[in-house]
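Take a look at the structure set out below.
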Ligand code: IMP
């Protein structure tokens, strides 16, 4: 006979937090939202932590290189979508890693005997207007000079040699290899430069340091960067072409990988984890999922997942529950998996972070997910609404919306996400194609959401995510209490009411 659960499964909206004592030190400024992303042993720190507990969904309509940069700037992490060719996805990863680095390796370098036409060709390809000139045109050749957009103008003879236009090296201010970012920025400031080339003792170009990167760092104190001050970026993978896709993404600089699948409780995922562990050991961080229960969690934990994603059927674009009758209320899933994670930690000494994926429709759902034991959340709809998401902004009925479609919708052509053997095509849809209200810039919206989470944590007397998970008190609410939670039994001051007066 089938197994029947005694309790129904619940979603976030059916729970509320109770306040704990707020101490005088519990102010939003004192709350840290730093949270681990990768598994760690008791007493050690995680190989990768997020500065805010937000990741963006592995979806075409959400996570490209632009959104990744915007989110990493605020301290979170994007997973670049996997439903594109390996080459395209690797290029997106590369673009994030190269976008802002304290020390950038030049990817648009000229030779002195290149022509102005060569420069325009390179500009079109790479999009940079500042280019170093080296003896052999390589990123680490002998530095001969620098060319910027101030060195040439429209209408010049296109055969003009770069050597006659560039500022030669003897008139350049340069920094020595090994200089700290702070010292490089000081030279940039003192000499009013836009870029500082860094050279080794033989005069070979090593890096470039840009003024815009220094300013950006100051304005974004939470930004999530790697040891070389490059933005941290994740990438989605699937259980079909992983043997080719993973090495390409790792080579492109992806800091973390995550399996993109609607059902992660599968031998296919174990195979991918085995592949990564045998090829890279602990060097590559890889998440698995999605699961909704203890059994699924333990399977992936024992298979070596560095973090585990939780949630089936709760996504805003998801119709898996209608199509297949599979899923579980998101809150119940998190509560059970978090308990399994804690028991696993007690037994093995290894803490495996869990991610609540999908179904966040109010900011407080994020707070509840953390209180229930999630270490971070993954969201699609939330980020799809912003300028930085890749989808089109369209005017509908006098207001603006952004397109948002599921990876299980025909439009995404992502049959690999639903791989359970058999056909190499999507036989039926598990997602829809629609719109979300346009909401403006990511950082403006995120600032409000973060402030709400921190304020709530102050109400609950918690200064860190870990403390919040330990001390939060949560209650189920009845259907009538839910009604009580919204505005009720008053006439709202809307236009109709006012105009009828
Ligand atoms: P949202 O934040 O509620 O919009 O949910 C986003 C999550 O839904 C993603 O991170 C995926 O786990 C999941 N998802 C994405 N596309 C589909 C789909 O087409 N069908 C079902 N679930 C999807």
(request) For residue 207, work out the one condition from (1) closer than 25 Å to residue 113 by Cβ; (2) at pLDDT below 95; (3) in a loop (DSSP other than H, G, I, E, B) it doesn't fulfil. (result) (3)
(message) Let me confirm something: among 340, 305, which residue is in contact (Cβ under 8 Å) with a residue 40 or more places away in the chain, in contact with a helix residue (DSSP H, G or I) (Cβ under 7 Å, 6 or more places away or on another chain), within 29 Å of residue 281 (Cα to Cα) and not in a helix (DSSP H, G or I)?
(response) 305
(message) Is it the case, given these coordinates, that residue 324 is surrounded by fewer than 21 Cβ atoms within 10 Å (Cβ to Cβ), within 16 Å of the ligand (Cβ to nearest atom), under 30 Å from residue 477 (Cα atoms) and in contact (Cβ under 8 Å) with a residue 24 or more places away in the chain?
(response) yes
(message) Condition first: in contact with a helix residue (DSSP H, G or I) (Cβ under 9 Å, 6 or more places away or on another chain), within 14 Å of residue 61 (Cα to Cα) and surrounded by fewer than 19 Cβ atoms within 10 Å (Cβ to Cβ). Now tell me which residues in segment 405-434 satisfy that.
(response) 433
(message) Can you list the helices (runs of 4 or more DSSP H) lying wholly within segment 94-196 that have 3 or more residues being under 38 Å from the mean Cα position of the chain (by Cα) and at pLDDT 90 or above?
(response) 116-126, 181-190
(request) State which residue is surrounded by the most Cβ atoms within 10 Å (Cβ to Cβ) when the search covers only segment 360-395 and only residues that are over 17 Å from the mean Cα position of the chain (by Cα) and within 14 Å of the ligand (Cβ to nearest atom). (result) 369
(message) On the basis of being surrounded by fewer than 23 Cβ atoms within 10 Å (Cβ to Cβ), touching a helix residue (DSSP H, G or I) at 6+ places or on another chain (Cβ under 6 Å) and free of Cβ contacts under 8 Å to residues at least 24 places away in the same chain, does residue 129 make the cut?
(response) yes
(message) What are the pairs with Cβ atoms under 6 angstrom where one residue, in segment 177-193, is in contact (Cβ under 8 Å) with a residue 12 or more places away in the chain and the other, located anywhere, is surrounded by 10 or more Cβ atoms within 10 Å (Cβ to Cβ) and part of a loop (DSSP other than H, G, I, E, B)? Sequence gap at least six, or different chains.
(response) 177/200; 181/102; 191/173
(message) Please count how many residues of segment 259-282 are within 25 Å of residue 428 (Cβ to Cβ) and surrounded by 15 or more Cβ atoms within 10 Å (Cβ to Cβ).
(response) 11
(request) Tell me, please, whether a residue that is within 16 Å of the ligand (Cβ to nearest atom), under 30 Å from residue 468 (Cα atoms) and outside any strand (DSSP E or B) can be found in segment 399-410. (result) no
(message) When you scan segment 458-470, do you find a residue that is in a helix (DSSP H, G or I), within 23 Å of the chain's Cα centre (by Cα) and more than 27 Å from residue 385 (Cβ to Cβ), even just one?
(response) yes
(message) If residue 319 satisfies all but one of (1) away from the ligand (no atom under 13 Å from the Cβ); (2) more than 23 Å from the chain's Cα centre (by Cα); (3) farther than 23 Å from residue 71 by Cα, what's the number of the condition it fails?
(response) (1)
(message) Tell me the residue from 373, 380, 349 that is touching a residue at least 12 places away in the same chain (Cβ under 8 Å) and in contact with a helix residue (DSSP H, G or I) (Cβ under 7 Å, 6 or more places away or on another chain), please.
(response) 373
(request) Find all pairs meeting these conditions: Cβ atoms under 6 angstrom apart; at least six residues apart or on different chains; first residue within segment 147-160 and without any contact (Cβ under 8 Å) to a residue 24 or more places away in the chain; second residue in a loop (DSSP other than H, G, I, E, B). (result) 149/129
(request) Can you tell me which residue within segment 283-293, out of those that are under 21 Å from the mean Cα position of the chain (by Cα) and surrounded by 15 or more Cβ atoms within 10 Å (Cβ to Cβ), is farthest from the ligand (Cβ to nearest atom)? (result) 284
(request) Test residue 486 against the criterion of being more than 26 Å from the chain's Cα centre (by Cα) and either surrounded by fewer than 18 Cβ atoms within 10 Å (Cβ to Cβ) or modelled with pLDDT of 90 or more (or both), and give yes or no. (result) yes
(message) Consider segment 302-316. How many of its residues are at pLDDT 95 or above and either buried (at least 20 other Cβ atoms within 10 Å of the Cβ) or near the ligand (Cβ under 9 Å from one of its atoms) (or both)?
(response) 8
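The values are calculated or read from the model by the stated rules, or taken from the named source; none is laboratory data. No experiment lies behind these values; they were computed from the predicted model shown. We place every Cβ from the backbone using ideal geometry, glycine too, and count neighbours over all the protein chains shown.
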